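This report concerns only the one structure given below.
The values are calculated or read from the model by the stated rules, or taken from the named source; none is laboratory data. Bear in mind that the values here come from a model prediction, so they are computed numbers and not experimental data. Cβ atoms come from the backbone with ideal geometry, glycine included; neighbour counts cover every protein chain shown.
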């Protein structure tokens, strides 16, 4: 054959990579391409193209010059396209990039989005019959260059943020509750958000990352605020924690060392989480004073307690924000005739002990409360209300709240799928207890 005078196309690259994954040799691939796509090339052309694609990371625009791929671009954000054999071929984006010989320094770059793609290639039939349709798969990976971080600059940024929030707290002008109306307490439970968790739809059935999690948090919070407007609210109870964050250290593990699928860097997760919660508290302040118990989870025990310390500093001079970051894993909140206990709920043997724990740890509040409940997370699903008898006269309601978190690989493999994704809210009357419950469901397309 003569020299190859045609430009390589996207379809040709797809056929080349598919056949190579099927252990075909370059002679067979050359003949297949020549016969079915009407091009003129030999084994050397095919081998050279394969080595080029392998070396230059298989980008979708395969006709680009070597200079475009020799180094990662200096731009802040860019993309890479990688061909794969099937949607199940790669378990995580970092492994995918490594397989494509794209060397990313995790200290300089982070993956911000993974977009799986599928397309068909039309090929000539050997026997002259109808054209053949070949299924191809690829993944577009969006990458962001991490801004240079000087620990001193990060420290100063936190100090500046604290000063900005504490020096001159913004005074809130709230709509007064009518004299004839009774003020209610609005409890907002956005549990088990797992900020930083990564899930890839072809593998788990849902996409999930920190961007999706933040959008869902704000979407459901706004739903709850709108629905609760029918009740005059004089107090807001906003527990923070319960595996709010997916990991507890830069090694991407939980508090006890279980490695997790994570979509971004630990310090980035902390910053995004802090900003998300501060924004939520300031939004809720416009309605009523906000009480924030910090509930450590089994994924984020240390990190969420540190977040609580930061929130205490940020809102230290706010007379309408109360942060409860005491070291106990269980928190209690009393309002009028209502006593609510919070615990993450990962220690299932602890559940039956909760009534006695409440009676002992919150003895004074327990003695006067008419409505006593425990609110738990961890299971990622709303459980039927349990009445756990404490003694012959008193009982405690134990509620397990919903979760907005997407399904990661471990849960998918174990078959823990299909649960409704939602946040919960309860409206409390000072003398009549819980008078309303709202479930803010996440839109299914959010995980697409």
- Note on the structure: Here the qualifying pairs (Cβ atoms under 6 Å; residues six or more apart or on different chains; first in the stretch 40-63 and assigned by TED's automatic domain parsing to the domain that holds residue 139 and surrounded by 15 or more Cβ atoms within 10 Å (Cβ to Cβ); second assigned to a helix (DSSP H, G or I) and modelled with pLDDT under 75) come out as 56/69
- Message: If the requirement is being in contact with a helix residue (DSSP H, G or I) (Cβ under 8 Å, 6 or more places away or on another chain), within 17 Å of residue 191 (Cβ to Cβ) and either surrounded by 19 or more Cβ atoms within 10 Å (Cβ to Cβ) or assigned by TED's automatic domain parsing to the domain that holds residue 346 (or both), which of these qualifies: 276, 311?
- Response: 276
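Per-residue answers, yes or no, for (1) at pLDDT below 90; (2) closer than 16 Å to residue 300 by Cα:
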site	(1), (2)
238	no, no
257	yes, yes
261	yes, yes
267	yes, yes
272	no, yes
279	no, no
285	no, no
- Report yes if residue 100 is modelled with pLDDT under 65, in contact with a strand residue (DSSP E or B) (Cβ under 6 Å, 6 or more places away or on another chain) and buried (at least 18 other Cβ atoms within 10 Å of the Cβ), otherwise no. yes
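Restricting to the stretch 296-315, what's the tally of residues that are under 18 Å from the mean Cα position of the chain (by Cα) and outside any loop (DSSP other than H, G, I, E, B)? Give the steps one after another, and end with the answer.
Taking the stretch 296-315 first, the residues under 18 Å from the mean Cα position of the chain (by Cα) are 296-301, 303-304, 307.
Now restrict to residues that are outside any loop (DSSP other than H, G, I, E, B): 301, 303-304, 307.
Going through the stretch 296-315 one residue at a time, the tally reaches 4.
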- Message: Restricting to the stretch 1-40, count the residues that are at pLDDT 75 or above, under 24 Å from residue 117 (Cβ atoms) and part of a helix (DSSP H, G or I).
- Response: 12
- residue 25: passes all of (1) closer than 20 Å to residue 138 by Cα; (2) over 37 Å from the mean Cα position of the chain (by Cα) but (1)
- Which one is surrounded by the most Cβ atoms within 10 Å (Cβ to Cβ) among residues in the stretch 255-273 that are touching a strand residue (DSSP E or B) at 6+ places or on another chain (Cβ under 9 Å) and assigned to a loop (DSSP other than H, G, I, E, B)? 263
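Here is a yes/no grid of residues against (1) at pLDDT 65 or above; (2) closer than 18 Å to residue 197 by Cα; (3) part of a helix (DSSP H, G or I); (4) out of contact with any helix residue (DSSP H, G or I) (no Cβ under 9 Å at 6 or more places or on another chain):
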site	(1), (2), (3), (4)
349	no, no, yes, yes
352	yes, no, yes, yes
358	yes, no, yes, no
365	yes, no, yes, no
372	yes, no, no, no
392	no, no, no, yes
411	no, yes, yes, no
426	yes, no, no, yes
438	yes, no, no, no
